[in-house]
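Accompanying notes for the structure given below.
The values are calculated or read from the model by the stated rules, or taken from the named source; none is laboratory data. Just so you know, these numbers come straight off a predicted model, no measurement behind them. When we count neighbours, we look across all protein chains shown, and the Cβ atoms used for this are built from the backbone with ideal geometry, even at glycine.
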Amino acid sequence: MTVGKMDATMNFFSQRPLNFSAFFHYNNVYTNRENLSNLRSKTTSFGGNFTWYNKFLPIQASYLQGKWYETELLTGRALTTMQKNAQVRIDKSFSAYDNNQIIYFHNDYTRDDAYISRTQNVSDNISVNNTVYFNKARDYTFISSISGIDQYGSDAFRRYQIDESINLNLPKRFSLYASYNFYNYSRLAQTLNQNSVRAGLHHQLYESLRTGLSLEYNLIRQTFYKEENPRIGIDINYEKKIFLKGKLMLGYVYNWQRQRHTGDPIELQISSEQHTLTDGQITLLGRAYISVNSVVVKDATGTIIYQPNFDYILIPRSNYLEIQRMPGGQIPNKGIVFVDYIAMLPGSYKYDVNFMSATASVSLFNRLVEVYFKWSNQGYSNLDTAEYLTLNYFTQTTYGCRLEYRFASGGAEFENYQSSIIPYRLVRYWLQLQGTLLNRITFSLNGNWRDYDLIAENTRQQFIDVIGNVGYQINPQNNINLELAYRKQVGQQIDLDLLIGRLQFSTVFRQIYLKIGIQLYERDYLHERTNFIGGFFQIVRSFNWHKK
């Protein structure tokens with residue numbers, strides 16, 4: 001529900017090579033996260049954009065300053081975020097065979113949280129990007145990217161990166177690529193330097209068979225250890241049209257990698273390890289033997305520090321930690337987080353990794369029906385291991401079936417993941433319906449069910465989502481819409497039973513927009529219940545003003 005809102009935009013010299021625009025936004029609303037956490041949010045922001053179009057050196061510049069107040073009505077947690085961003089960008093091409101770009105950012109983020117002290121990070125970022133084509137067909141391309149960031153404040157670090165690559169489309173349907181990467185990262189009296197070289201050769205035989213060979217070498221020198229990782233890989237993909245308007249697809253991948261680590265056992269600070277948290281998927285932190293109390297989960301800027309048991313939970317899995325987001329917290333579904341923690345680093349070790357995977361699928365009647373199979377295996381050889389080293393031996397088997405016909409699609413899938421760290425079995429079903437009836441009625445229904453059997457812990461996790469929508473157009477000005485959503489989660493610290501319903505009538509008379517309806521909300525989250533039924537009424541008057 002909107003309490004107050006104001007937007008203003010001004011444009012100057014919009015039809016000229018030199019132009020400028022300014023804006024101001026204010027918004028005061030009651031809202032919620034995923035229909036679980038009720039919020040009051042107040043946002044104020046202003047800034048401007050400057051552009052100078054010219055043949056010699058086109059320049060674009062922008063500035064944004066904003067402040068966000070957010071209060072969780074149930075917990076009383078108050079959050080304040082302040083942001084200042086300035087950007088300058090220059091794009092220049094000297095011919096039809098090149099593109100060049102320089103970008104500079106200055107970012108200043110400040111965060112006040114009721115549960116932790118103020119965090120502030122100020123950073124300067126610069127990147128230089130170049131692309132060069134060696135012929136009109138762009139068969140031979142060189143790409144270069146050089147970037148650096150210097151950040152100070154609550155999370156101070158420096159990072160420099162160089163990426164150089166070349167792509168060649170050769171005769172006889174061969175293609176070749178090669179790349180070099182340099183990465184330097186300094187934080188908390190630790191420095192990491194990484195040099196990587198990659199090369200690959202691919203060949204396309206007719207339209208059916210694509211084969212590839214790849215080589216890679218990584219050398220990492222960190223303050224406390226050294227790692228060398230050569231890798232060789234091959235991939236084969238075959239695709240063929242078959243009877244009954246069908247298609248056969250086969251794939252095979254093999255990778256060999258040698259891992260050589262030199263160093264002493266030590267408690268090591270791991271910084272900004274990136275993870276994507278998705279409901280219904282298991283996410284483990286990257287290293288074993290982690291100190292739980294050392295874990296800090298943050299956003300990309302390093303200023304939003306997510307809170308355990310509010311925004312995420314940690315679950316021990318063998319020698320590892322699983323991280324799950326909390327529904328209704330600050331981390332959205334499929335949100336990216338960056339994790340700091342202290343882990344026990346093993347001493348010197350070496351081993352070879354052998355990874356294989358195979359895939360097969362058959363679809364018929366223009367993908368009306370499709371069955372598929374996936375298999376992968378990872379093992380180790382030539383081991384010379386050390387204490388605190390945990391290796392993930394696994395065999396993963398997945399098979400399933402998909403159906404798709406006009407307005408309906410669905411499928412079923414079974415996965416058996418036999419792992420030395422976190423073995424599980426997963427059964428998944430899904431259904432989607434979407435269409436129109438009589439040119440007046442629109443409908444959609446989406447359902448998804450995941451059932452995890454965590455074998456080692458002898459526990460289960462279930463995720464059920466059903467979302468439905470029906471709309472009826474009485475005439476172009478009058479509409480009725482019904483929305484229903486149900487979500488159920490069962491498992492350790494994730495129990496949730498949520499039902500949401502909304503019935504709305506909307507109409508338009510001249511420039512007056514009217515909405516009226518009722519809504520239902522029933523939630524049982526970790527045995528805390530919230531139930532209500534209510535109505536709403538909204539009138540919006542649109543004003544348009546143009547000065548010629």
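Odds and ends about this structure:
- Qualifying strands (runs of 3 or more DSSP E) (wholly inside the stretch 235-351; at least 1 residues being on the phi < 0 side of the Ramachandran plot and under 21 Å from the mean Cα position of the chain (by Cα)): 266-277, 296-298, 312-317, 320-325, 335-345
- Scanning the stretch 136-160 for residues that are of a type in the set (D, E, K, R) and out of contact with any Phe, Trp or Tyr (no Cβ under 7 Å at 6 or more places or on another chain) turns up 136, 138, 139, 150, 155, 158.
- Scanning the stretch 434-452 for residues that are among the charged types (D, E, K, R), over 23 Å from residue 359 (Cα atoms) and out of contact with any strand residue (DSSP E or B) (no Cβ under 6 Å at 6 or more places or on another chain) turns up nothing.
- Answer residue from the stretch 475-501, given it is assigned to a strand (DSSP E or B) and either closer than 18 Å to residue 315 by Cα or among the β-branched types (Val, Ile, Thr) (or both) and is modelled with the highest pLDDT among those: 480
- Residue tally, condition among the hydroxyl-bearing types (Ser, Thr, Tyr), surrounded by fewer than 16 Cβ atoms within 10 Å (Cβ to Cβ) and within 30 Å of residue 42 (Cβ to Cβ), over the stretch 70-112: 1
- Restricting the stretch 87-133 to residues that are at pLDDT below 95 and of a type in the set (Lys, Arg), the residue that is farthest from residue 67 (Cα to Cα): 92
Let's see how each residue does on (1) under 30 Å from residue 261 (Cβ atoms); (2) of a type in the set (D, E, K, R); (3) surrounded by 15 or more Cβ atoms within 10 Å (Cβ to Cβ); (4) free of Cβ contacts under 8 Å to residues at least 24 places away in the same chain:
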| residue | (1), (2), (3), (4) |
| --- | --- |
| 381 | yes, no, no, no |
| 384 | yes, yes, no, no |
| 388 | yes, no, yes, no |
| 394 | yes, no, yes, no |
| 399 | no, no, yes, no |
| 402 | no, yes, yes, no |
| 407 | no, no, no, no |
| 424 | yes, no, yes, no |
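- One residue stands out among those in the stretch 489-505 that are touching a residue at least 40 places away in the same chain (Cβ under 8 Å) and of a type outside the set (A, V, I, L, M, F, W, C): the one that is nearest to residue 471 (Cα to Cα), which is 489.
- Residue that is over 34 Å from the mean Cα position of the chain (by Cα) and farther than 24 Å from residue 411 by Cα, where the choices are 494, 500, 455, 474: 474
- Test: residue in the stretch 135-148 that is touching a residue at least 12 places away in the same chain (Cβ under 8 Å), surrounded by fewer than 16 Cβ atoms within 10 Å (Cβ to Cβ) and touching a Gly at 6+ places or on another chain (Cβ under 8 Å): no
- Hey, residue 399 assigned to a strand (DSSP E or B) and closer than 23 Å to residue 254 by Cβ or not: yes
- Within the stretch 205-224, one or more residues are at pLDDT below 95 and touching a Phe, Trp or Tyr at 6+ places or on another chain (Cβ under 8 Å).
- Some residue of the stretch 68-84 being aromatic (Phe, Trp, Tyr) and under 26 Å from the mean Cα position of the chain (by Cα): yes
- First in the stretch 268-281 and free of Cβ contacts under 8 Å to residues at least 60 places away in the same chain, second anywhere and in a loop (DSSP other than H, G, I, E, B) and of a type outside the set (Ser, Thr, Tyr), Cβ under 8 Å, 6 or more apart: 278/333; 278/334
- No other residue among 62, 41, 45 is in a strand (DSSP E or B), hydroxyl-bearing (Ser, Thr, Tyr) and touching a Leu at 6+ places or on another chain (Cβ under 7 Å) apart from 45.
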